[in-house]
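S.K.: Sharing a structure, written as structure tokens. Questions coming.
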Amino acid sequence: MGDYPQEEVSRGITSPKMLVMGVGSSGVQAISAMLQLNPDMNAVLIDTDTKVLEAVDNSRAIHVGGTVTRGLSSGGDVELGRQSIEKDSSNIRKSLRQVDLLVIVAGLGGGTASGAVPVITRIAREAGALVLCMVGMPFAFEGKKVKAVADEALKRIRTHADAIIRISNERLMERADVDLPVELAFARSREVMLNGIFALWRMLARTGVCGLDFACIHTMLRNCDGFCHFACADGSGENRAKTVAESLVKHRLLNKGKLLEAAEGAIVGFTGGHDLKLSEVEEVMAAVQEKLPDDVWLNFGIVVDPAFEGRMSVILLAAEQWKEPLVDSASRQLGFSFNRRKVSEQGELQLEAAGKGEFTYMDPTIHNNQDLDVPTYIRRDIKLPR
Ligand SMILES: Nc1nc2c(ncn2[C@@H]2O[C@H](COP(=O)(O)OP(=O)(O)OP(=O)(O)O)[C@@H](O)[C@H]2O)c(=O)[nH]1
Ligand SMILES: [Mg+2]
């Protein structure tokens, strides 16, 4: 992460730590590809499937649910995904020590990620980390059951995560893409997540010449009240600012720009080389601002990286809604990590998760088409106060 001046370190102020976690097979593959481009990234890869983990960097892999799935995937069974992560939750807690921002990347619809991510978000929140989930939503061709699994997982994730970015695989594909081979369609979905994470990582890990830092991203994620949208655009050569501005304001992940018109908060992060001009930043910001409402909360930042000489890359994060957090904002301000770290350094009891034991396969209690075994706040889609 970005270096802080020595005197700040000696006063006990440390650089915020971001951890990226790939969960389930597609999450693992996305982050593994990311690590090949960016080996310094702080990341762990979590799956039930040993075959998937054997193909990635062993030192980052956390295999879960050995006693539940015996090294296979969950085969689409969300309950097995949930049990797998509960059984190995102490390893997850260890990986979260001293983490300030956790970014979880997963494709929802299978069993491992859909079962595990809601549990991980809960554990991370208990550990005091800010949690951003970037989740891929299934293609229509994957069927109604897979969609229902993904929707239910999303609901559960929402009760604990600070912010969620949904990447709709359907929205990614335009009419022109109907002939795209399935393999390439999945690869594109992964690539989009990858670009977003990479841009966020650059913003946080490198020292910027202006503005956007952990405090700013913290404010955005804490206030966005659920869902965020993001888009990345790159440009090179003389007209790069124009290219970037045009593609951002009609980006398909922003519903061709319509989501910007209703946004209540937004941040824009620029990465460019030493040749990045103020006029180029102004051009992109003007185009974005023109789409956003006048009273939007808006912030921006610039990172200069010699590897970006001759080109620029911009990430735009937009919040659908904006509201002050209900409680505990003081305990999660910057600097909060100091006390939390002391707590997380205490010895940890190796407790086995209780699981549901013999009740696992009982019939659900259905009343008025509602499963009463699911907690009320999840059934009613109520986001818990912090
Ligand atoms: N099958 C598959 N799905 C992908 C791929 N890339 C993205 N996805 C999406 O990710 C969702 C979840 O798939 P996986 O990540 O394979 O599922 P998992 O979490 O590992 O769960 P299980 O394999 O069922 O234990 C799918 O429904 C797809 O929408 C891919 O290469 N293959
Ligand atoms: Mg899998």
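Values quoted throughout were computed directly from the atomic coordinates according to the rules given, and no laboratory measurement underlies them. Owing to the predicted nature of the structure, the values given are computational and were not obtained by experimental measurement. Neighbour counts are summed over all protein chains in view; Cβ atoms, including those assigned to glycine, are modelled from backbone coordinates with ideal geometry.
S.K.: Charges at C-beta only: +1 for Lys and Arg, -1 for Asp and Glu. How large is the resulting dipole of the stretch 228-326 about its Cα centre, in Debye rounded to 20?
M.R.: Around 360 debye, computed over the stretch 228-326.
S.K.: How big is the stretch 228-326 by Rg and Dmax over its Cα atoms, in Å?
M.R.: Rg then Dmax for the stretch 228-326, in Å: 13.3, 47.
S.K.: When the Karplus curve 6.51 cos²θ - 1.76 cosθ + 1.60 is applied with θ = phi - 60°, which whole-Hz ³J(HN,Hα) does each residue of the stretch 49-60 get, with x for Gly and Pro?
M.R.: Whole-Hz 3J(HN,Hα) from phi for the stretch 49-60: 8, 5, 4, 5, 6, 5, 8, 10, 4, 4, 5, 9.
S.K.: Something else about it: Enumerate the amide H contacts of TRP297 below 5 Å, restricted to partners 5 or more residues apart or on another chain; note that Pro and chain-start residues carry no placed amide H.
M.R.: Distant-sequence amide H within range of TRP297: GLY265, ALA266.
S.K.: Ok, one more. Among ASP47, ASP225, ASP57, what is the fewest-to-most ranking by other Cβ atoms within 10 Å?
M.R.: Ascending Cβ contact count within 10 Å gives the list ASP57, ASP225, ASP47.
S.K.: Roughly speaking, what % of Cα-Cα pairs in the stretch 34-116 are separated by over 15 Å, rounded to a whole number?
M.R.: That fraction is 58 percent.
S.K.: Enumerate the calculated ³J(HN,Hα) couplings along the stretch 245-250 in order (Karplus 6.51 cos²θ - 1.76 cosθ + 1.60, θ = phi - 60°), each rounded to whole Hz, writing x wherever the residue is Gly or Pro.
M.R.: With the stated coefficients, the stretch 245-250 comes to 4, 5, 6, 5, 6, 10 Hz.
S.K.: Right, something else. Please turn the phi angles of the stretch 268-277 into ³J(HN,Hα) values with the Karplus equation 6.51 cos²θ - 1.76 cosθ + 1.60 (θ = phi - 60°), one per residue in order, whole Hz, x for glycine and proline.
M.R.: My calculation for the stretch 268-277 gives 10, x, 9, 10, x, x, 5, 8, 5, 9 Hz in order.
S.K.: So which of LYS147/LYS250; LYS250/LYS277; LYS155/LYS258; LYS144/LYS258; LYS17/LYS256; LYS94/LYS147 end up more than 29 Å apart by C-alpha?
M.R.: LYS17/LYS256; LYS94/LYS147
S.K.: A further question follows. Given 20 °C and 1.002 mPa s, compute D for the stretch 15-205 with the Stokes-Einstein relation, Rh being the Kirkwood radius over Cα pairs; round to the nearest whole µm²/s.
M.R.: Here the translational diffusion coefficient equals 131 µm²/s.
S.K.: Another question about this same structure. Report, by chain and number, residues whose modeled amide H sits under 5 Å from the one on VAL105, excluding near sequence neighbours (fewer than 5 apart, same chain).
M.R.: Here MET21, GLY22, VAL23, MET134 satisfy the definition.
S.K.: Sort PHE227, PHE308 so that the residue with the fewest other Cβ atoms within 10 Å of its own Cβ comes first and the one with the most comes last.
M.R.: PHE227, PHE308
S.K.: Going by C-beta contacts inside 10 Å, put VAL303, VAL105 in order with the fewest on the left.
M.R.: VAL303, VAL105
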